[in-house]
Amino acid sequence: MASGAAAVLEHRLRTGAIISPADERVAGFESIRGGHPIPDDGSERGGRRALDLAASLRDRETLLVLLSGGASALMAVPADGITLADKQRTTAQLLRAGADIYALNTIRKHLSAIKGGWLADRAAGRVRTYVISDVVGDDVSVIASGPTVLDASTFDDARRLVDRFGGAGAFPAPVVERLDRGVRGEVRDTPKPVTGSLAQPPIDVIGSRRNAMAGAAARAASLGYEVLRIDDAIVGDAREAAVSHVRAVLARAADVRRPACVVSSGETTVRVTGTGRGGRNQEFALAAAEPLAHAGGDAVLASVGTDGVDGPTDAAGAMADATTLERARRANLHAAHFLNDNNSYAFFDALGDLVRTGPTGTNVGDLQVILLA
């Protein structure tokens with residue numbers, strides 16, 4: 001996105017910053033490395049630089065904001081009374097408890113000085129935002145926690161979510177204290193679309209999970225597959241969604257010409273109760289191994305994060321097929337044990353079935369592909 005902006009704007013671009021997991025070099029932009037999925041010191045540097053850029057707008061200048069999935073962690077500025085460590089612990093707790101992106105970002109907004117419309121609030125001039133969405137439904141108030149979007153969520157919403165995902169005792173005391181003060185009206189809430197002094201700055205979604213599905217479908221068709229697209233988003237707990245998804249696909253594809261390719265996308269969640277490593281795509285693939293084993297015929301599934309990173313691992317996701325469980329038994333790997341320990345990474349690593357792409361430079365959620373012969 002930065003390269004595209006530089007190519008279009010040329011000499012009109014005065015300055016800018018790229019905040020990403022890698023060291024990205026584009027002329028005219030400062031490069032800042034941030035942490036993902038847990039924010040780090042680089043995330044805070046990046047967030048503060050973004051606020052400085054917004055405040056530095058000159059007469060007739062526009063703040064151009066180019067957002068992609070993952071920016072909630074990559075660009076972080078703790079609110080008054082909150083430390084980066086508080087935000088790190090809060091994010092980790094919510095991820096362990098299986099919070100979806102809507103819940104996660106509602107709380108993030110109310111612990112932040114940049115999310116939930118605060119970046120636009122800081123801007124000294126016009127703001128224009130283009131977004132690549134990793135959120136099911138493409139809700140711009142949720143993508144990257146909506147730094148330029150006037151926010152309808154409240155401190156009350158955030159405080160109820162704390163109770164839902166572990167309770168006050170599971171979160172840092174300053175976090176709970178800030179939310180409680182916000183509920184009492186002692187802290188200003190995020191800028192609101194009705195009562196705020198700002199008009200909503202222009203914002204456009206320029207990419208989403210449907211683009212990834214279209215690309216996968218076109219590639220499969222070019223290879224001779226009969227393609228079936230499932231447009232309904234794959235959501236919910238990864239291990240439950242995987243089983244129901246495989247069964248639904250097998251039923252829907254029963255009369256489809258072989259070889260067939262079934263393409264879907266979405267974003268599931270994982271409730272961490274074990275001590276292993278993995279991500280939602282790896283857990284999805286591991287849970288899918290059981291119904292695939294009973295599918296009859298040849299069937300293979302891959303579930304991957306389009307950013308090339310699945311959870312705190314070096315894999316984008318994993319593959320499972322009709323032989324996965326049998327191969328695991330021969331290797332003395334008990335799939336149920338690995339699933340219960342949230343240790344899908346070790347399971348697929350031992351089988352050689354992890355998908356490693358490296359960071360792709362974009363994020364439009366997760367993609368699932370099932371091939372049927």
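A few remarks follow.
- Of the set (1) farther than 23 Å from residue 237 by Cα; (2) open to solvent by less than 40 Å² (accessible area, probe 1.4 Å); (3) of a type in the set (A, V, I, L, M, F, W, C), all apply to residue 347 but (1).
- Close pairs (8 angstrom Cβ cut-off, 6 or more residues apart or separate chains): loosely packed, with under 14 Cβ neighbours inside 10 Å in segment 246-259, assigned to a loop (DSSP other than H, G, I, E, B) anywhere: 252/230; 258/373
- For segment 43-69, the candidate set comprises residues that are touching a Leu at 6+ places or on another chain (Cβ under 8 Å) and more than 23 Å from residue 204 (Cα to Cα); within that set, the residue that is most open to solvent (accessible area, probe 1.4 Å) is 44.
- Of everything in segment 287-312 that is open to solvent by less than 20 Å² (accessible area, probe 1.4 Å) and in a loop (DSSP other than H, G, I, E, B), the residue that is farthest from residue 208 (Cα to Cα) is 310.
- Residue in segment 131-140 that is out of contact with any Pro (no Cβ under 6 Å at 6 or more places or on another chain), surrounded by fewer than 24 Cβ atoms within 10 Å (Cβ to Cβ), part of a strand (DSSP E or B) and among the aliphatic types (A, V, I, L, M) present: yes
- Some residue of segment 317-333 being open to solvent by less than 30 Å² (accessible area, probe 1.4 Å), touching a Gly at 6+ places or on another chain (Cβ under 7 Å) and not aromatic (Phe, Trp, Tyr): yes
- Search result, residues across segment 16-39 that are under 21 Å from residue 143 (Cβ atoms) and either out of contact with any helix residue (DSSP H, G or I) (no Cβ under 9 Å at 6 or more places or on another chain) or part of a loop (DSSP other than H, G, I, E, B) (or both): 21, 22, 24, 34, 35, 36, 37, 38, 39
The values are calculated or read from the model by the stated rules, or taken from the named source; none is laboratory data. These numbers come from a predicted model, not from an experiment. Here Cβ is always computed from backbone atoms with ideal geometry, including for glycine, and neighbour counts include all displayed protein chains. These accessible areas exclude ligands, DNA and RNA; they are computed on the full protein's heavy atoms, side chains included. Shrake-Rupley method; radii C 1.70, N 1.55, O 1.52, S 1.80 Å.
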